[in-house]
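Below: the structure, in structure tokens.
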Amino acid sequence: MTYMWDSQFEELLRQAVPSLQSGAIDPAEDLQNAGLDSIASVELLLQIEAAYDIIIPDEALTQQTFTTPCTLWGVVAPLIGARPIPSP
């Protein structure tokens, strides 16, 4: 399922990954290659949980979750009740 993230999520990503400061964020951007290290991943996780008042389940706390903006949002979106984008 594909979800369109909101501006809050985008801002949290930009704060956590300085190389994403300008331009559109590619949903398939490799976040580790863009500079998201393990400490920044934990900080981003805590900021997302606080911003959306959610708890990301332990089983979702894997390196895979933080691979791309799309994979991370795919975990967050259902927890906040975001609607998927219909497939064409």
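Bear in mind these aren't lab numbers, they're just calculated from the coordinates by the rules spelled out. This one's a predicted model, so the numbers in the text were calculated from it and none came from an experiment. We place every Cβ from the backbone using ideal geometry, glycine too, and count neighbours over all the protein chains shown.
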*Cα coordinate range in the chain, projected on the principal axes (Å, largest first)*: 31, 29, 21
*Can you tell me the order of 53-65, 35-47, 9-21 when each peptide is scored by its average per-residue count of other Cβ atoms within 10 angstrom, highest first?*
9-21, 35-47, 53-65
